[in-house]
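What follows is one structure encoded as structure tokens, with my remarks underneath.
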Amino acid sequence: MVFNPFGSNLVFVWDLIATVISIVILLAIVQINAFMQKKGKVSQIITRKFVHILAGPVFVVTWMLFSGEIVSHYIAVIVPLLFVLQFITIGLGVIKNESFVASMSRSGDPRELLQGTLYYSIVMVLMTFFWFYVPSTGISNANPTALLIIGCVSGGDGFADIIGRKFGGEKKFGIKGSEKTIIGSIGMLVGSILVSSILVLIFSIEVPQFDILILILPIIVVSIVATVVEALSPKGIDNFTIFLAVIIVILILELGFPGFWPYSFSF
């Protein structure tokens, strides 16, 4: 089952509508966070990480609005592409957007959007284009790779920073400017497992083969590797390194342990 109230003749039109809905929801998250930060309800660091944790999973869940036809992932990728372009233009000073800067930068400097925030959006582009959950062969061959990617990149990395800052203490480690804590890494592991599992449960409503009982062990394995990689990543590039780690682990599982990961990637 995929969602398309317009029928097969208007797949393209419905997917464009789904794209608009997705963009509106994500912009609402940014605006709400900017409002909370402006009112002094929460710190800029928390609002930034709240967007980091929430935006990716929410965007992925909006995939369920799309028709699931061959054209869907080409249209869905428009959403993160637009954010990539917006972050670049804001970061370069071509346009101004106080809400985006307030929600997604630590210091309030627009140029920060050209760093981790931009990398995060690029990961969303790659993930959508290559790992949209419904492949060209249909929903019967749906693949949960993107759910684990976003679980680690959004949930794990976001919780790692918040928990590490709150409870990590003074003892830190890291390479090339990164500052990690053991407690933060535990937050990364728990956040990755939790968000990945929640996404699998949500998508299992539409895709019965996304069985959490089958996927929980792969989720744990992927999350452990992602946690180690995040802890050893140089400052500012962990969005990319976590993404690559998840993909590599899943490819190893797919090729070497098909019984452990009973899903095959089909573009």
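The trypsin sites (Lys or Arg not before Pro) found in the range 76-115 that occupy coil by DSSP, while having at most 15 further C-beta atoms within 10 Å, are Lys96, Arg106. Basic side chains Lys and Arg get +1 at the Cβ, acidic Asp and Glu get -1 at the Cβ, and with that the dipole of the range 1-132 about its Cα centre reaches some 580 debye.
How big is the gap, in Å, between the Cα center of the range 245-267 and the Cα center of the range 143-181? Between the Cα centres of the range 245-267 and the range 143-181 lies a distance of 23 Å. Scanning residues 5 or more positions from Lys180 or on other chains, those with amide H under 5 Å from its amide H are Phe173, Gly174, with H placed 1.01 Å from N in the peptide plane. Which label belongs to the value computed from this structure, given these candidates for Rg and Dmax of the Cα atoms in Å: (i) 19.9, 72; (ii) 18.3, 60; (iii) 19.5, 64? The value computed from this structure is option (ii). The slack in the chain from Phe12 to Ile202, taken as 0.36 nm per residue of separation less the alpha-carbon distance, amounts to 65.9 nm.
Restricting things to Cα coordinates, could you compute the convex hull volume per residue of the range 46-182 in Å³?
122 Å³
Computed from backbone phi, the HN-Hα couplings of the range 147-164 come to 5, 6, 4, 6, x, 7, 5, 8, x, x, 5, x, 5, 4, 5, 5, 5, x Hz, rounded to whole numbers (Karplus: 6.51 cos²θ - 1.76 cosθ + 1.60, θ = phi - 60°; Gly and Pro given as x).
Using every pair of separate Cα atoms, the Kirkwood estimate puts the hydrodynamic radius of the range 137-208 at 13.3 angstrom. For the range 109-125, 3J(HN,Hα) computed residue by residue from phi via the Karplus equation (6.51, -1.76, 1.60; θ = phi - 60°) reads 8, x, 5, 4, 5, 7, 10, x, 5, 5, 4, 4, 5, 5, 4, 4, 4 Hz, glycine and proline entered as x. The range 51-99 and the range 1-17 have Cα centres spaced 20 Å apart.
A Gaussian network model of the chain, with springs between Cα atoms under 10 Å, assigns the largest mean-square fluctuation among Gly56, Gly151, Gly138 to Gly138.
Rule-based calculations on the coordinates, nothing more; no lab input. Remember, it's a predicted structure, so these values are computed and weren't measured experimentally. Virtual Cβ from ideal backbone geometry, glycine too; neighbours counted across all protein chains shown.
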